[in-house]
Amino acid sequence: MDEDTAPGKTEPGQADGDLAGVSETVEDAAAETLADRVFFVFSGLSSVWFAIVLFQASLGWRHVWFLVVFWAALAYLVLPRLHRIFTRIYLPDYFIGRSRTSDGLLGDPVNVAFLGSAPQVHTAMSTSQWTLADPVTLASSWHIVSSTLTQRSYDEAPVSPLFLFSRQQDFAYQQEVDGNPGKRHHIRFWKAPPGWLLPGGIPVDWLAAGTYDRAVGFSLFTLQITHKIEASIDVERDYVVQSVLAAAPESSLTLIRDFSTGYHSRNGGGDSIVTDGDLPIVDLSALKAGGGPAMAQPAQKKRRPLPTLLGGIMVLGRGMSSLVLAATFMALSTDEPAMIQAFGDSVAGLDLRTVIIPGAVGLAVFAVAEFTVAWFIFRGGNRARVVAMTLGAGSIVVQFSNVLSGGDAISFNTTLVSFSLDILLILALSSERSRTFARRQTGSLRHPKPLKPVLSGNQ
């Protein structure tokens, strides 16, 4: 995920105390149905089979380029979904001083806390010569990739999403080093839920995770291309605090010794982490908030998540394929030589129109149904999402049964393309972002319930 404004994300400059998104994200977790869980696990198991099929296809010299496709599928589809399934089982769902990646892995540690309003935080960071990071979009993602490859500066480069309290960071700040987007100081901020206290009963308004990106490399756990962080995260923590205190003399500092000493070994990319576990709390409540560029940004409308968009496009493409096939069949029904050429001499003299025409009509009806489902998916229809996943799962089960019964193996010359699209469709629409968007759009989350105790830092 989606990829992509996450549920509950507050925009820079949003008034302090607007925490509707926090309640919504808690209700999002409760809104997961049995069907969501089934499709989530089914997509993970199917993606493993998909990776095996791609690996087998890559063994032939003529398809050696499939090795690249195999790596991409393994790194960005299979391993992330498997991690997401297993981390739901073995990782605690309460505050342990660690953020989590979109794949459910433990991310960067929480190593700074702040007291103050959103305008005060933005003023302090901008005054300290930190730059507000762009949100993650297709355009910004391409910009950072091209900037990294060409070694061109990108001061506002986006940072990958990390999650705390079941929601993505509210915003992030960074400082580029030597004009190289591959190296940068950066820190993510999360608004604490209302009434939430640190272990020991200490109130804070914001939690943050500051780390230093030293290079670009491969993730140890997912094999994805990602930034690699410096192991000694205390150096970055102290750098953030010192820069804010120097630029905002009205601020003050309180230090909690040995706040977090467990769960520290590696982050979500597999990078080693070394820390003393201390947590500085920077009090910005006496700071006069100014109106810098960060505060001038208007709140953005929640966007349709990328997985939902991709899922709808694939359903639309499936409908288009059915419509083209229906038109082809109708054309054959009026051309007997073409029918013989398409189906062989054995059909000569047979009235195939009694079969082809009804088949073409059926395909046309199916295409219209697919267009309708795609339209409702784009609008956030939850039933349409479930219907699309059901059709994709049915197609995968049929192909799997065919292979087990001795039929043709899935390959580039048979059904690999359609099989791949079915897998991608279910992976996209069963994602948490797609599910949350659909259920919120259909009204199931319009009345958020009170926060559950699971978010309490005292547990």
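Miscellaneous remarks
- Those residues of the range 247-286 which are among the charged types (D, E, K, R) and surrounded by 18 or more Cβ atoms within 10 Å (Cβ to Cβ), in sequence order: Asp271, Asp283
- Test: Thr328 is closer than 30 Å to Ile426 by Cα and at pLDDT 75 or above: yes
- Output for the range 116-147, where each listed residue is part of a helix (DSSP H, G or I) and either buried (at least 18 other Cβ atoms within 10 Å of the Cβ) or modelled with pLDDT of 95 or more (or both): Ala118, Pro119, Gln120, Val121, His122, Thr123, Ala124, Met125, Ser126, His143, Ile144, Ser147
- Options Phe70, Phe50, Phe95, Phe86; residue that is outside any helix (DSSP H, G or I) and of a type in the set (A, V, I, L, M, F, W, C): Phe95
- Single residue of Ile233, Ile202 found to be at negative phi and buried (at least 16 other Cβ atoms within 10 Å of the Cβ): Ile233
- Among the residues of the range 156-168, those that are part of a strand (DSSP E or B), within 15 Å of Val136 (Cα to Cα) and not basic (Lys, Arg) comprise Leu162, Phe163, Gln168.
- Residue check, Phe165 more than 20 Å from Ser260 (Cα to Cα) and touching a strand residue (DSSP E or B) at 6+ places or on another chain (Cβ under 7 Å): no
- Residue within the range 104-123 that is in contact with a helix residue (DSSP H, G or I) (Cβ under 6 Å, 6 or more places away or on another chain) and over 30 Å from Ala289 (Cα atoms) present: yes
- Some residue of the range 21-34 being part of a helix (DSSP H, G or I) and modelled with pLDDT of 70 or more: yes
- Inside the range 52-74, residues that are at pLDDT 80 or above and surrounded by fewer than 18 Cβ atoms within 10 Å (Cβ to Cβ) make up a count of 5.
- Taking residues in the range 316-328 that are farther than 19 Å from Ile356 by Cα, and partners anywhere that are small (Gly, Ala, Ser), the pairs with Cβ atoms closer than 9 Å and at least 6 places apart or on different chains are Leu316/Ala374; Gly317/Ala374; Arg318/Ala367; Arg318/Ala374; Arg318/Ala388; Arg318/Gly392; Arg318/Ser418.
The values are calculated or read from the model by the stated rules, or taken from the named source; none is laboratory data. Quick caveat, the model's predicted, so the values are computed rather than measured. For neighbour counting, all protein chains shown are included, and Cβ atoms are generated from backbone atoms with ideal geometry for every residue, glycine included.
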